[in-house]
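Since the structure comes first, as structure tokens, the remarks are kept for the end.
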Amino acid sequence: MDVEDPQMAAVVANFFDLGKAIAADPDLSNEKLSELRKWSEGRGDEIFPGMTDMQLLLFLQSCYGDLEKTKECMIKYFHCILDVPQFFDHWDVDRDQIKQGLDTVFYAPMPKLSPKNHLMILCRFRHTDASKYVFSDGSRIFMMTSEAQFLVRGPQEGLSVVMDMTNMCFSHLWRFPVPLVRRFIGMIQEGMPVRLKEIHIVNCSYFLPTLMSFLKPFMKKELADLIQCHSGAMDSFHEQFPAEYLPTELGGTAGTFQEHHDNNVRLLAKLKPLWTAKDKWSAAQRLDRDKGSDSNSDSD
């Protein structure tokens, strides 16, 4: 990443304050960050070159300052970028597939941290037309949203995800391809540089048991234990999240899904040069890998 480039410099200007983030967490230090920088640069092109210190710090903080676990997480994350382009390529809100995804599902980060001091990202289908939903694009937008929020707001004690099943139909289940679902869940469990703390499923539908029986074989116990389901009056949900933390559609007073979704889209657009740089790197890496595979095949 060329931070001297005016466009990229404008992107980095949106990032969190590095010094404040390190000072606020005893597990973090400039010494650890320097060691991680030296290690990543020694990996050649296996790790996205030119990462900012803020990006490196997010990996380090997500692993509670453990350098070896951080290195493992980074390797898995960047391998996922190369192995599953359906999730990581073309993070561009002007692209038709992304536009359709944003017109199909609300991706609404809330401005206020949860009562447990977690960053909150809420998702909700806009309508019942399952034919408009593409799992890979939805996963891609969720990854974009999560990465953008942490880059701008800085390391967080945790991430709470709220999945609102309003407008979700049984026919949506047919839009979940098994290989991609398996890869997405595996990435969340092992390669995503965040501390995922809670997954709340609200306004649960009658087919939720079918959905969970489909998903659980791919989950480790630690991930499955994070899931809480709320239906009916959702008292158990509102006990954990008072009205001031929720959009009006969920009985809250903190704006609407549309407002927070629109704010998210504007932020994603601001970070486009960062996404473009990542795309160029991953495309070049795949090309080199394919050339190497062809050379090995010829030698055989």
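Taking region 4-21 only, how many residues are in a loop (DSSP other than H, G, I, E, B) and open to solvent by 70 Å² or more (accessible area, probe 1.4 Å)?
3
Using the structure shown, decide if residue 100 is more than 30 Å from residue 242 (Cβ to Cβ), out of contact with any Ser or Thr (no Cβ under 6 Å at 6 or more places or on another chain), open to solvent by less than 60 Å² (accessible area, probe 1.4 Å) and in a helix (DSSP H, G or I).
no
Can you find, within region 22-45, the residue that is farthest from residue 64 (Cα to Cα) among those that are in a helix (DSSP H, G or I) and open to solvent by 70 Å² or more (accessible area, probe 1.4 Å)? Show your work before the answer.
Taking region 22-45 first, the residues in a helix (DSSP H, G or I) are 22-23, 30-41, 44-45.
Right, trim to open to solvent by 70 Å² or more (accessible area, probe 1.4 Å) and you get 23, 30-31, 34-35, 38, 41, 45.
Working: 23: 14, 30: 14, 31: 15, 34: 16, 35: 15, 38: 19, 41: 21, 45: 25 Å.
Filtering first and then ranking leaves 45.
With the structure loaded, tell me whether residue 249 is farther than 26 Å from residue 169 by Cα and open to solvent by 70 Å² or more (accessible area, probe 1.4 Å) or whether it fails that test.
Answer is no for this residue.
Considering each residue of region 189-200, count those that are surrounded by fewer than 21 Cβ atoms within 10 Å (Cβ to Cβ) and not in a loop (DSSP other than H, G, I, E, B), and give that number.
Final tally of qualifying residues: 6.
Does residue 49 count as under 17 Å from the mean Cα position of the chain (by Cα) and within 29 Å of residue 33 (Cα to Cα)?
no
Can you name the residue in region 237-254 that is touching a residue at least 24 places away in the same chain (Cβ under 8 Å) and in a loop (DSSP other than H, G, I, E, B) and is also farthest from residue 147 (Cα to Cα) among such residues?
242
Looking at region 113-123, is at least one residue in a loop (DSSP other than H, G, I, E, B) and free of Cβ contacts under 8 Å to residues at least 60 places away in the same chain? So that I can check it myself, show each step before the final result.
First, pick out the residues of region 113-123 that are in a loop (DSSP other than H, G, I, E, B): 113-118.
Now narrow it down to the ones that are free of Cβ contacts under 8 Å to residues at least 60 places away in the same chain: 113, 117.
Yes - at least one qualifying residue is present in region 113-123.
Consider residue 147 against the criteria (1) without any contact (Cβ under 8 Å) to a residue 60 or more places away in the chain; (2) crowded, with 21+ Cβ neighbours inside 10 Å; (3) not in a helix (DSSP H, G or I); (4) not β-branched (Val, Ile, Thr): it satisfies all of them except one. Which criterion is unmet?
The one condition residue 147 does not meet is (3).
Would you call residue 279 under 26 Å from the mean Cα position of the chain (by Cα), under 30 Å from residue 16 (Cα atoms) and at pLDDT 95 or above?
In short, no.
Looking at region 52-63, can you tell me whether even one residue there is open to solvent by 30 Å² or more (accessible area, probe 1.4 Å), more than 30 Å from residue 249 (Cα to Cα), of a type in the set (A, V, I, L, M) and out of contact with any Lys or Arg (no Cβ under 8 Å at 6 or more places or on another chain)?
Looking for residues that are open to solvent by 30 Å² or more (accessible area, probe 1.4 Å), more than 30 Å from residue 249 (Cα to Cα), of a type in the set (A, V, I, L, M) and out of contact with any Lys or Arg (no Cβ under 8 Å at 6 or more places or on another chain), one finds none in region 52-63, hence no.
The values are calculated or read from the model by the stated rules, or taken from the named source; none is laboratory data. All values reported here derive from a predicted model rather than from experimental measurement. With ideal geometry, Cβ positions are generated from the backbone for all residues, glycine too; neighbour counts draw on all protein chains shown. Note: accessible area is taken over every heavy atom of the protein model, side chains too, but ligands, DNA and RNA are not part of it. Shrake-Rupley method; radii C 1.70, N 1.55, O 1.52, S 1.80 Å.
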